[in-house]
Every structure is written in C-alpha cells, then in structure tokens.
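S.K.: Got a structure for you, questions after.
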Amino acid sequence: MSNIIKIPFINPVKYTQIGYDQLPQYLSKHMDDYPYIDAIRSYEEVVNYWQIWGSHDSIRQQLFTNIGPVQMKIMDCHGDVLLTENFQQKQEDANNPTLFRYDSDLALNPFPAGVFFSQLDFGGLYNLISEPMILSDNLSETVYIEYARKPFYENIIFADGFLPTLRIAGQIKYKEPGAKRVIYEDDPLNTEILDAKNFDSWTFQIGGVTGIPDYMIKKVSRILGCTDLRIDRRYYTVDPGGKLENETLEGYPMRGWRIDLRDKYNLSSKYFLTDDINTENPIVMIANVDSKGFIKDDAGGSFFQIIDVE
C-alpha cells in the first residue's frame, strides 16, 4: 500500500509540501499545492496574509495517514521551535488497514504574540508546512467560528465530539427583519393575517478591509455547510437563498466576501439567565396532550403514543 496523507480542506489550517515543485511543463501554481504568497500571479500585487488567532483560541485539527507517528512543531518566524508534540492516534480505517485518524488540540495561550508556523513530520519521511499564522492581541473585527456536522462531513469525523474552530476577519451585521405571513383576502378585498412567523436576517461579512486568499474562502464555504455552526457563540444557518458574493479589485490577490445568514433557532424572546449557559440553544416546551393508545412495556411500565395535541 502506498503512503497516504489526507488533510480535509475543512480543517482550519492549510498545509503544503516543503520544497514542492511540479514538473517543468506545468507552469500554473495551484492554491492547494503552493503557499499563498508563491501562487500570487505576476500581474498581482504582492500582499502578505497571516491567518489570525487569539491567545484564548484553540487550533483543532484532524487528518488521516498510514505514516506515523505524526509530529507537530510550532515555530516562530525565525525558525525557532516553540513546541513539539505528537498528534493523537485514533481509530483505524476499516476499509483501509494501516490508515489511521490523527487528532490535535493545540491551546494557544502558552505562546507569545507574533507570527508562527506549524510543521508536520510524518514518521521522518514527509514534511508539510502551514501558511503563516499570527497570534495577535488585536482581535477587533474578527469572529471565532466553531463548527460540526455529525456523524461526518467533508472527510472529517465529528461523531465523537470533535469540534474544530476558525478565527477570521469579519463581522455579523444585522440586515433586516423578515416574516412569513398567511393573509386571507375576501371578495371586497378586505385582508386579515391568519398567521405570521417573524425572523431576523444577518449579513456575514468575511475578510475585513484587506480581504482573504481564495484558499481561505474555500474553507469557509465548506464550514457554512455544517449543521452546528456557531459564530461568536451564536448559532446561524445560511439563508435559504444565501450565496457567497465577493468584491474584487483588479490586480489585488485577495477578496472580501459576504453571505446572508439566519438564526438557527428562531427565538421569540431574549432570555436573561443567572447560570452561564448558552441561551441561543433551542428551548424545550412541554405540551398538554391526549393520552391515547397506552400499552405496557417489557418492564411493566407505561408507554404511550401521542395522537392528539391541543
């Protein structure tokens, strides 16, 4: 079996092979194969990009390989090693013997502010390097995204609680109130609202004033497909008609993006609770029902099926 390293695009960190160079007849530099700075075209402005993180953030990664162990080195911009640790080996792929899942959960609070890189070593045979990242004290105009879609999605296994995160320049701005209404109109055109369900629309502005590279919006697009999508702790879902739109400047290699979102849980009240819990979670309601169809279960208890709800 040949050596395999599989890093899903939805992972928060992008890696490329150290010293990668394709055959000389192929001249284009694909964003998945080359670092962002090397893939900038000759007619575009050379603009650096550092993926931003905060000291209270965690970088959670998952990959799959048959080359172990997987060692991660965190290095500063001078190449000095700040930390060396191994990814944790998890389950083996039932369909691909010797192919294992590896996870990492890196807390960033021990590190000083500044530019850093993550370098992965696969059994001493293969080395990957991340795009440059920056640990910053200035996180204004950034959002922290937590995402999952159980049991698995985009080649990531979420079934056991794996919860990756991503910090990115952007903000959630209120767009407008919305409603779905059922209106009755009689013969003389008198009208009456029979039902109305209200909701709020938001615009997720991504990339800030400088924009982000294409590889980063590729990650965000996949993240937006998660069923559990939290942005700064609040749950959102892409609006049914939502589509990523961009603002392009000629000769500039990065772009800003936007997409419309809705609250995942459409609450009708603001809850003020004394306990430190997330009030954006769904509220469980208990209804008074007709109890019909009682039967006994094997343990002698009562089981019933709801037929009528009043």
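S.K.: I'd like to verify a number: residues in segment 89-135 that are loosely packed, with under 13 Cβ neighbours inside 10 Å and within 22 Å of the chain's Cα centre (by Cα), how many?
M.R.: Here the count works out to 2.
S.K.: OK, next. From the list Gly170, Gly242, which residue is more than 25 Å from Met31 (Cα to Cα), surrounded by 11 or more Cβ atoms within 10 Å (Cβ to Cβ), free of Cβ contacts under 8 Å to residues at least 40 places away in the same chain and of a type outside the set (A, V, I, L, M)? Working first, answer last.
M.R.: On the way: Gly170 fails: more than 25 Å from Met31 (Cα to Cα).
Answer to the selection: Gly242.
S.K.: Any chance you could count how many residues in segment 92-109 are outside any loop (DSSP other than H, G, I, E, B) and either of a type in the set (A, V, I, L, M) or over 15 Å from Lys6 (Cα atoms) (or both)?
M.R.: Pass one, segment 92-109, residues outside any loop (DSSP other than H, G, I, E, B): 92, 100-107.
With either of a type in the set (A, V, I, L, M) or over 15 Å from Lys6 (Cα atoms) (or both) added as a condition, the list becomes 105-107.
The total comes to 3.
S.K.: To continue, here is another question. Could you pull out the residue among Phe111, Phe64 that is farther than 29 Å from Asp232 by Cβ, of a type in the set (Phe, Trp, Tyr) and modelled with pLDDT of 95 or more?
M.R.: Working: Phe111 fails: farther than 29 Å from Asp232 by Cβ.
Going through Phe111, Phe64 in turn, just one is farther than 29 Å from Asp232 by Cβ, of a type in the set (Phe, Trp, Tyr) and modelled with pLDDT of 95 or more: Phe64.
S.K.: Right, something else. Residue under question is Ile217, and the condition is that it be β-branched (Val, Ile, Thr) and either without any contact (Cβ under 8 Å) to a residue 24 or more places away in the chain or assigned to a loop (DSSP other than H, G, I, E, B) (or both); does it hold? Walk me through it before giving the result.
M.R.: Details: β-branched (Val, Ile, Thr): yes; either without any contact (Cβ under 8 Å) to a residue 24 or more places away in the chain or assigned to a loop (DSSP other than H, G, I, E, B) (or both): no.
Spelling it out, it is not the case that Ile217 is β-branched (Val, Ile, Thr) and either without any contact (Cβ under 8 Å) to a residue 24 or more places away in the chain or assigned to a loop (DSSP other than H, G, I, E, B) (or both).
S.K.: Now, a different point. In segment 150-157, is there at least one residue being basic (Lys, Arg) and either part of a loop (DSSP other than H, G, I, E, B) or more than 18 Å from Lys6 (Cα to Cα) (or both)?
M.R.: Looking for residues that are basic (Lys, Arg) and either part of a loop (DSSP other than H, G, I, E, B) or more than 18 Å from Lys6 (Cα to Cα) (or both), one finds at least one in segment 150-157, hence yes.
S.K.: Consider Ala159 against the criteria (1) under 21 Å from Tyr265 (Cα atoms); (2) of a type in the set (A, V, I, L, M); (3) surrounded by fewer than 16 Cβ atoms within 10 Å (Cβ to Cβ): it satisfies all of them except one. Which criterion is unmet?
M.R.: Tallying (1) under 21 Å from Tyr265 (Cα atoms); (2) of a type in the set (A, V, I, L, M); (3) surrounded by fewer than 16 Cβ atoms within 10 Å (Cβ to Cβ), Ala159 fails exactly one: (1).
S.K.: Condition (residue is outside any loop (DSSP other than H, G, I, E, B) and under 26 Å from Leu108 (Cα atoms)) applied to segment 1-9: is it met by at least one residue?
M.R.: Just the residues of segment 1-9 that are outside any loop (DSSP other than H, G, I, E, B), to begin with: 5-6.
Next, from what is left, pick out any that are under 26 Å from Leu108 (Cα atoms): 5-6.
Yes.
The values are calculated or read from the model by the stated rules, or taken from the named source; none is laboratory data. What you see is a predicted model; the values in this text were computed from it and never measured. Positions of Cβ are backbone-derived with ideal geometry, glycine not excepted, and every protein chain shown enters the neighbour counts.
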